[in-house]
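Only the coordinates and a few stated rules stand behind these numbers; no lab work does. The model shown is predicted, which means the values in this text are computed figures rather than measured ones. Backbone-built Cβ (ideal geometry, glycine too); neighbour counts: all protein chains shown.
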Amino acid sequence: MGVSGPWALRVGLALGTLALLLQGLRGWLACKRYEFHPAEIAQLARHHAGLDHELAFSKIIMELRKKHPGHILPDEDLQWVFMNAGGWMGSMCLLHASLTEYVLLFGTAIDTGGHSGRYWADISDTVISGTFRQWKEGTTRSEIYYPGDTIVHQAGEATSVQWSAGTWMVEYGQGFIPSTLAFALADTLFSTQDFVTLFYTLHVYAKGLLLEANAFISTLRC
């Protein structure tokens with residue numbers, strides 16, 4: 001009894017502290033000014049949907065650099081990196097990353113599918129080419145999305161996802177982005193053990209964070 005009392009108190013304090021931290025994080029995310037907006041990214045991607053995906057991506061990158069100078073990684077830092085997560089395999093090219101936002105190009109050259117993941121972030125994808133199928137939790141039917149369609153994955157949701165070969169899309173995430181890394185890297189760590197890909201992923205994310213830190217410091221100097 002004498003031991004369980006202090007232990008229970010420590011657990012209670014830890015849970016209370018965690019709850020306060022989470023509440024503070026939610027408040028910060030709700031009040032924060034974001035560089036991008038989901039509708040902006042979706043509209044831009046929709047404008048180029050149906051084009052050859054490589055041509056569409058080059059145009060999207062060019063327009064994002066015009067609208068958000070200093071927030072899109074330079075060409076020398078753009079890299080297509082494999083992603084293994086939830087049983088599916090794709091490739092992503094990160095354009096922008098911070099603690100609360102990211103913009104990336106994503107797709108697959110083969111048929112693939114699996115679990116979407118469940119995040120502390122809202123994620124939207126706009127299809128450029130191919131087809132994307134989504135089966136939402138709690139339903140018995142799936143939906144198919146085509147070029148120009150935007151799929152919104154709300155924070156806390158989980159779905160089954162499937163891409164046809166040649167499906168490419170533009171993705172925007174807003175929320176606590178580091179929370180998405182556990183799912184994004186789990187298969188790499190515990191299944192494929194492709195530590196080269198792990199390094200590439202963390203390296204390009206670090207470059208994105210550094211770019212945003214430099215942009216933030218520049219605003220303080222003005």
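Some points to look at:
- Principal-axis tilt of helix 178-187 within the chain, Cα atoms, nearest 10 degrees: 80
- Here's the picture: charge each Lys and Arg Cβ at +1 and each Asp and Glu Cβ at -1 in the chain, and of P74, Q193, P178 the one pushed furthest to the positive end of that dipole is P178.
- Here the Gaussian network model covers the chain, with springs between Cα atoms less than 10 Å apart; of H48, H71, H37, H37 fluctuates the most.
- For the stretch 49-106, chymotrypsin sites (Phe, Trp or Tyr not before Pro) meeting the loop criterion (DSSP other than H, G, I, E, B) and having at most 16 other Cβ atoms within 10 Å: none.
- Coordinate range along principal axes, alpha carbons of the chain, Å, largest first: 70, 54, 33
- Full-extension gain in nm, R133 to D77, via 0.36 nm per residue minus C-alpha separation: 17.1 nm
- Over the stretch 119-208, the alpha carbon radius of gyration divided by the compact-protein estimate 2.2 N^0.38 Å works out to 1.19.
- Computed [θ] at 222 nm, deg cm²/dmol, the chain (DSSP H ≥ 4; -39,500 (n - 2.57); rounded to nearest 500): -14000 deg cm²/dmol
- Cross-link pairs beyond the 31 Å C-alpha cut-off, checked among K66/K207; K136/K207; K59/K207: K136/K207
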